[in-house]
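The values are calculated or read from the model by the stated rules, or taken from the named source; none is laboratory data. Keep in mind that this is a model prediction, so the values were computed, not measured. Reconstructed Cβ throughout: ideal geometry from the backbone, glycine too, with neighbour counts over all protein chains shown.
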Amino acid sequence: MKIMVQKFGGTSVATEDSREHVYKKIEEAVRGGYSLVVVVSAMGRNGDPYATDTLLNLIRKDIPFASKRELDVIFSCGENIAGAIVASNLQKRGYKSVYLTGEQARIITDENFSDARIRRVETDKIKSLLDIGNIVVVGGGQGVSENGDITTLGRGGSDTTGCALGVALHANEIHIYTDVEGIMTADPRKVKEAVLLEKISYEDCCNMANKGAKVIHPRAVEIAMKNPESRLYVKSTFSTNPGTLICEDDENLEDVNTTGVAGQDNLVYCRVVSNEYKSYDKLQEIMGCPALHDSKVYYGIDGIVFVSDSKIFAAAEKKFNDNGFKLIKCENVSEVSIIGSNFMKYPELCQEIRDKIQKRGIDIKMCMEEDKSVSYVISEEHYICTMNLLHEFVVNKTAGIIN
């Protein structure tokens, strides 16, 4: 059996018009001889009637401290609505199709509500439905605990579901469909010269995502790495572009490799102050909190520095204060990163990049140079300029500089 898993995001299933593109992609795969599993996200974004945030606000606006268990139940409703609609429309078009919740698809997770981790996928039911010719539609980002509670997988949950099902089913291909052409050398909304990557390594893709690129969640890519024989693509629902293949690294192990530029804005830059001098373990414990997974602690000229998304700063500050630390808020900043490999073998390259930034009158507040990425923390006002400057340097000039 030749199996393909397709995942469609919220913008792809949001309207009748956008869902027509989804059905075309499904029909193309069926004509190609694939047995098909289709993973769907909730329809649309916050404010749309059945979007996840809209549904969650039905509870949150009246009960701001509602339990995560109950929130997971309503969280899962958006995907259930989208999945039922997609499966029903496929039936209308003459296809055998059935919708499965995460529980029915036997995606077994731990009990960490709102950010559950998949323990295993029991594939017997899906395989039996595929065997009799069904297109199996599955709700993304959800599962069930060993005790039978509905759970959700957190950020990027539908991507994670798609890759987990693809690996468990030993699918030939996994296609993550979104509203962009694939993975690009930078965010095209900020860098007009960004170009589509034909392929990218698993590690570079994870690094791009961890440094701010939002096309596919790194957790999904890490799962896909477990079975590289399942070819993983990121594609657009709305075009015929072949997209980007995410695969094993085949770069030269000695040469510098520059893949692209990623960035994060709306960050808060703080100094961490503590009266305890042996507080490293406690600091690590704080940073292990799920709510702070996207935050970072650095050790620089300002001592211990905490960089966080501004939207979670208040919660982060409370967490630090409750554990005997004080955050001294300095200013709003952005972080721009070059993603690739072997940077530490070419210190002259890193120095040249720093010089180019500083010659533009941009103050580098922090510089984190690692073998797989080089990151610069700069003032918010210089974010777009720095993104474009680094993109021009990386994409157009690196080969000439190194050689």
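Okay, here's what the table says:
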quantity: Check on VAL333, at pLDDT 85 or above and in a strand (DSSP E or B); calculated: yes
quantity: Flag for TYR34 being of a type in the set (Phe, Trp, Tyr) and closer than 27 Å to ASN227 by Cα; calculated: yes
quantity: Residues located in region 276-299, provided they are within 28 Å of the chain's Cα centre (by Cα) and at pLDDT below 75; calculated: PRO290, ALA291, HIS293, ASP294, TYR298, TYR299
quantity: Filter result for GLN91 (part of a loop (DSSP other than H, G, I, E, B), surrounded by fewer than 18 Cβ atoms within 10 Å (Cβ to Cβ) and not assigned by TED's automatic domain parsing to the domain that holds ALA291); calculated: no
quantity: Restricting region 330-342 to residues that are of a type in the set (A, V, I, L, M, F, W, C) and within 24 Å of the chain's Cα centre (by Cα), the residue that is farthest from HIS382 (Cα to Cα); calculated: ILE339
quantity: Test: VAL40 is more than 28 Å from GLU146 (Cα to Cα), touching a residue at least 24 places away in the same chain (Cβ under 8 Å) and either in the same structural domain as ASP149 (by TED's automatic domain parsing) or of a type in the set (A, V, I, L, M, F, W, C) (or both); calculated: no
quantity: Count of region 332-377 residues which are closer than 18 Å to VAL305 by Cβ and out of contact with any Cys (no Cβ under 9 Å at 6 or more places or on another chain); calculated: 12
quantity: Test result for GLU348, of a type in the set (Asp, Glu) and in a helix (DSSP H, G or I); calculated: yes
quantity: Verdict on SER76 being at negative phi, touching a residue at least 12 places away in the same chain (Cβ under 8 Å) and outside any loop (DSSP other than H, G, I, E, B); calculated: yes
quantity: Extreme residue, modelled with the highest pLDDT, among residues of region 204-244 that are out of contact with any helix residue (DSSP H, G or I) (no Cβ under 9 Å at 6 or more places or on another chain), buried (at least 18 other Cβ atoms within 10 Å of the Cβ) and of a type outside the set (Gly, Ala, Ser); calculated: TYR233
quantity: Pair list, Cβ under 6 Å, 6 or more apart: region 1-28 residue within 25 Å of GLU229 (Cα to Cα), other residue among the β-branched types (Val, Ile, Thr) and modelled with pLDDT of 95 or more; calculated: VAL5/VAL37; VAL5/ILE174; GLN6/VAL38; LYS7/VAL39; LYS7/ILE176; PHE8/VAL22; PHE8/VAL40
quantity: Qualifying residue in region 122-129 (condition: assigned to a helix (DSSP H, G or I), over 26 Å from the mean Cα position of the chain (by Cα), closer than 20 Å to GLY9 by Cβ and not acidic (Asp, Glu)); calculated: no
quantity: When residues of region 152-204 are limited to those that are among the hydrophobic types (A, V, I, L, M, F, W, C) and assigned to a strand (DSSP E or B), the one nearest to ASN241 (Cα to Cα); calculated: LEU196
quantity: Subset of region 354-368 (residues that are over 15 Å from TYR383 (Cα atoms) and loosely packed, with under 11 Cβ neighbours inside 10 Å); calculated: ASP355, LYS359
quantity: Which listed residue is at pLDDT below 95, within 25 Å of VAL221 (Cβ to Cβ) and of a type in the set (Gly, Ala, Ser), from GLY10, GLY83, GLY102, GLY32; calculated: GLY10
quantity: Cβ-Cβ under 9 Å pairs, at least 6 apart or on other chains, region 200-221 side on the phi > 0 side of the Ramachandran plot, far side crowded, with 24+ Cβ neighbours inside 10 Å and not small (Gly, Ala, Ser); calculated: GLY212/VAL336
quantity: Single residue of LYS345, LYS311, LYS372 found to be in contact (Cβ under 8 Å) with a residue 60 or more places away in the chain, of a type in the set (Lys, Arg) and under 22 Å from HIS217 (Cβ atoms); calculated: LYS372
quantity: Test: residue in region 256-267 that is closer than 30 Å to MET1 by Cβ and either modelled with pLDDT of 90 or more or touching a strand residue (DSSP E or B) at 6+ places or on another chain (Cβ under 7 Å) (or both); calculated: no
quantity: Residues of region 24-67 satisfying the condition of being of a type outside the set (A, V, I, L, M), on the phi < 0 side of the Ramachandran plot and buried (at least 16 other Cβ atoms within 10 Å of the Cβ); calculated: LYS25, TYR34, SER35, SER41, ASP48, TYR50, THR52, THR54
